[in-house]
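Here is the structure we will look at.
The values are calculated or read from the model by the stated rules, or taken from the named source; none is laboratory data. Computed from a predicted structure; not experimentally measured. All Cβ positions, even for glycine, are placed from backbone atoms using ideal geometry, and neighbour counts span all protein chains on display.
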Amino acid sequence: MDWNPSIGIPLAIFGAIALALIYFLGRPKKPGQGRRMPILREGGGERIEPTFGEPAIGASGESAQGDLDVGLHEELERLGSAIVAKRGDAANAAAAAKGPAPGARPPQPIERIVTLFVAARSGDLIHGTDLVVAAEKAGLAFGDMGIFHRLVSGKAEAGPIFSMANMVKPGSFDMRGIDDLQTPGVSFFMALPGPLSALDAWDAMLPTAQRLAELLDANVLDEERNALGRQRVAHIRDELRAWDRKQERSQIRLR
């Protein structure tokens with residue numbers, strides 16, 4: 001059979017193409033083909049390319065979710081610290097809102113102090129528990145400086161009308177050991193100026209001291225520790241009335 005180039009050459013080309021298609025289409029697929037493979041960074045580090053449906057796996061074989069857990073833990077710690085700080089601020093704010101202890105005197109110069117004493121009878125002592133009960137019955141409240149005070153109703157921030165301290169130094173009362181307290185007496189004192197006029201404060205302090213003395217079977221004494229008589233009371237009232245008038249004149253001049 002004679003070779004016909006016009007027929008043989010096209011047939012040879014077609015056969016070669018067919019063999020090439022059979023070769024490439026019949027090759028087995030390599031593992032991992034069809035998805036992205038890890039791309040190596042310079043220096044051997046491996047950058048993880050995320051794939052759908054599978055967790056990203058790092059070089060150590062651990063899930064990247066571990067990094068998320070660490071980040072979340074740190075954020076929760078930060079948030080928790082902020083909450084603790086806010087609680088501390090709230091506690092401080094609450095303490096500030098309470099203000100000073102009952103009987104705290106506002107920052108104001110003291111121009112005069114008027115004093116009375118309630119002293120136990122000769123040979124006797126006043127017991128702590130009896131004193132506390134009598135103080136409460138007389139309308140006194142325990143507060144600032146560890147002593148008792150008479151306050152203006154509804155205006156405790158104005159300071160004490162007068163106060164009651166222990167006659168024995170340092171003058172304060174330790175409520176933790178009040179059962180063991182024994183004292184020869186207590187001192188009443190009012191610092192001027194105060195929340196009331198001097199005469200009104202005196203008219204509140206004197207009956208309170210007398211009531212306490214009655215409850216404790218004790219004596220009321222003046223600032224020199226002498227028995228307080230009517231003449232001395234009248235003299236003190238005159239002095240305090242004059243002091244109030246002087247204060248009124250000073251305030252008028254300042255207006």
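Per-structure values
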quantity	calculated
Within the range 125-152, tally of residues that are in contact with a helix residue (DSSP H, G or I) (Cβ under 9 Å, 6 or more places away or on another chain) and among the charged types (D, E, K, R)	3
The range 232-250, subset of a type in the set (A, V, I, L, M) and free of Cβ contacts under 8 Å to residues at least 24 places away in the same chain, residue nearest to Arg112 (Cα to Cα)	Ala242
Residues (aliphatic (A, V, I, L, M), out of contact with any helix residue (DSSP H, G or I) (no Cβ under 8 Å at 6 or more places or on another chain) and either buried (at least 19 other Cβ atoms within 10 Å of the Cβ) or modelled with pLDDT of 95 or more (or both)) located in the range 153-164	Ala156
Residue tally, condition among the hydroxyl-bearing types (Ser, Thr, Tyr), in a loop (DSSP other than H, G, I, E, B) and either touching a residue at least 60 places away in the same chain (Cβ under 8 Å) or touching an Asp or Glu at 6+ places or on another chain (Cβ under 6 Å) (or both), over the range 114-135	0
Qualifying strands (runs of 3 or more DSSP E) (wholly inside the range 136-231; at least 3 residues being among the hydrophobic types (A, V, I, L, M, F, W, C) and in contact (Cβ under 8 Å) with a residue 40 or more places away in the chain)	160-166, 185-192, 218-221
Selection count, the range 202-239, where residues are among the basic types (Lys, Arg) and under 15 Å from Arg121 (Cβ atoms)	1
